[in-house]
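The values are calculated or read from the model by the stated rules, or taken from the named source; none is laboratory data. For clarity, every value in this text was computed on a predicted model and none was experimentally measured. Because the Cβ atoms are built from the backbone with ideal geometry, glycine has one as well, and the counts that use them run over all protein chains shown. Just the protein is used for accessible areas: all its heavy atoms, side chains included, with ligands, DNA and RNA removed. Shrake-Rupley method; radii C 1.70, N 1.55, O 1.52, S 1.80 Å.
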Amino acid sequence: MPNSLTGGQAPHPTLDTVDLVDRSLRNAGNTHPAPVLEEGDTDPWALPHLKDTGKSWKGKVAGDIFKDNVVLSNPVAGMVIGVLVTVLVQSSSTSSSIVVSMVASQLLTVQASVPVIMGVNVGTSITSTLVSMAQSGERNEFRRAFSGSAVHGIFNWLTVLILLPLESVAAVLEQLSELALGTARLQPRVQAPDILKVLTQPLTHLIVQLDTGVIVGSATGKATNSSLIKRWCSAGGQATQGNSSGCGAFGPCAERNNSAAADTLRCRHLFAGMALTDAAVGCILLAGSLLVLCTCLVLVVKLLNSVLRGRVAQAVRTVVNADFPFPFGWLSGYLAILVGAGLTFVLQSSSVFTAAIVPLMGVGVISLDRAYPLFLGSNIGTTTTALLAALASPADMMLSAVQVALIHFFFNLAGILLWYLVPAMRLPIPLAKHFGDLTARYRWVAIAYLLLSFLLLPLAAFGLSLAGGTVLALVGGSLVGLVLLVVLINVLQRHRQAWLPHRLRSWAWLPLWLHSLEPWDRLVMRCCPCGACSPAEATDKDARCYENPEVLASQQL
């Protein structure tokens, strides 16, 4: 019997052995004589010997990559990752639950998860932005709808700009969550209520089913070559534990897992019998989900436009925008915050709630001043999903998971204290109005805002963060300082021109393309096919009293 190693594994060849074999094969297959090198010279084309510089990639899981390379060492990179994940998932509730699950699985530390949670909040306004672009057919509707989506995004960005540096220096949110966690008595294994999942899970199981065992194995470093797509289920509809290594896309399973039941059947979903890789299935599902999402958003806008007309729109508008009598009028906004938080908790999705508010703003039913506290309440309500997911974590990691959920809550609460508690500090409202006027005049600015805020700027910040903290501080600090200086000069030009030097009292000395969007607008109009980017003209609908809530509001019912 030939000699064999324990376990039947062949020894791995060393670098010297590989080098000798490679040289012999190269010399045997070379018909021309090799050039003779003098003693002491080295062949410049010879491959250098490789040295082991650290831990091998075998066994390195995603958590090690996050903790060792990117997120823990650079908060900006963590925030960008949170933005991009939320943009892809299209739900801040799901994204925050993913972060909590990663902490519960020890893939992320609590400290590393703080900037990711901040990025999740920034990315949550992309859904409302896409909904507002569905109302670009009419100028005034687009103005109101886009300002509504912008006020949500501006609030999140301003909060991150204040709290991210503060958290990097003093870890305020982390310490506050530890203090709150120390005073609470928690019971593990509290299951989150399945409100929307009861309706959606039967449909999603007909499209695709995933093997949770493979996901858990990848998260814990015990990854296998099994597919994520679940192909074999038990006769009762439950999954077998793990996909078989010998199971093909078609035909019987040759080598099933020992823990699987003998009466396994092929799962009943769309991709169970297809010979597609996981990457191909993921691309198909991503493209299909984006198509369905955009179609549903457009249909929601059209439905609200057709239903909320005339006296119905006026009645809804009166109820939603009503204020308490003097001197309790200030309570109306805080009641709207509670309503937004409660409805988001019931829906278990802030994206669904904001996607319903933005079209109502477009048709003139909800004002921007009232929608602002509703959005803030939605930010508070979406934290309950992460909290319920944290309470369902394993007992040994439940405290860390709950701490991340509390950090998400305190981040949104701090934003409300900063930008809503004092009326003079409600800066997102005037900024959103100015932005809405700008996009109503130049419609292509909305597309530029969408690409810059949720794709190009996050990717640029991520690239700078990988270059090092010094590069990020120099480039990012210079850009932020320049923007703040320009804003300060613009404010002084409008209110205190005498305080400025004569040359800075206007921007006329600069080239036109540096202080006006007109040259850029002409360039976009030339490049845009069929005038699709031109601003929408007023239609006869704006002049009809029975379809225009603003005109109807001036009439006595």
The answer for the net charge of residues other than LEU492 whose Cβ lies under 15 angstrom from its Cβ, with Lys and Arg +1 and Asp and Glu -1, is +4
Applying a 10 Å radius around every beta-carbon, put 376-386, 75-85 in order of their mean neighbour count, most first. 376-386, 75-85
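For segment 66-160, state the average projected area of the convex hull of the C-alpha atoms over all orientations, rounded to one decimal in nm².
Details: hull surface 24.4 nm².
The number I arrive at for segment 66-160 is 6.1 nm².
To the nearest 20 debye, what is the magnitude of the charge dipole of segment 309-439 about its Cα centre, counting +1 on the Cβ of each Lys and Arg and -1 on the Cβ of each Asp and Glu? Before the final figure, lay out the partial values.
Numbers: 6 positive and 4 negative charges, 89 e Å.
With Lys and Arg at +1 and Asp and Glu at -1, about 420 debye.
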Based on the Kirkwood radius over alpha-carbon pairs, what value in µm²/s does the Stokes-Einstein equation return for the translational diffusion coefficient of segment 405-526 at 10 °C and 1.306 mPa s? 88 µm²/s
Can you give me the relative contact order of segment 268-380 as a percent, contacts being Cα pairs under 8 Å and 6 or more apart? 30 percent
Which of TRP232, TRP157 is most accessible, then next, and so on - probe 1.4 Å: TRP157, TRP232
Residues other than SER400 with Cβ under 13 Å of its Cβ, Lys/Arg counted +1 and Asp/Glu -1, net out at -3
Relative contact order as a percentage, segment 306-455, C-alpha pairs under 8 Å and 6+ apart, gives 19 percent
If we count every other residue with Cβ under 15 angstrom of GLU167's Cβ, Lys/Arg +1 and Asp/Glu -1, where does the sum land? -2
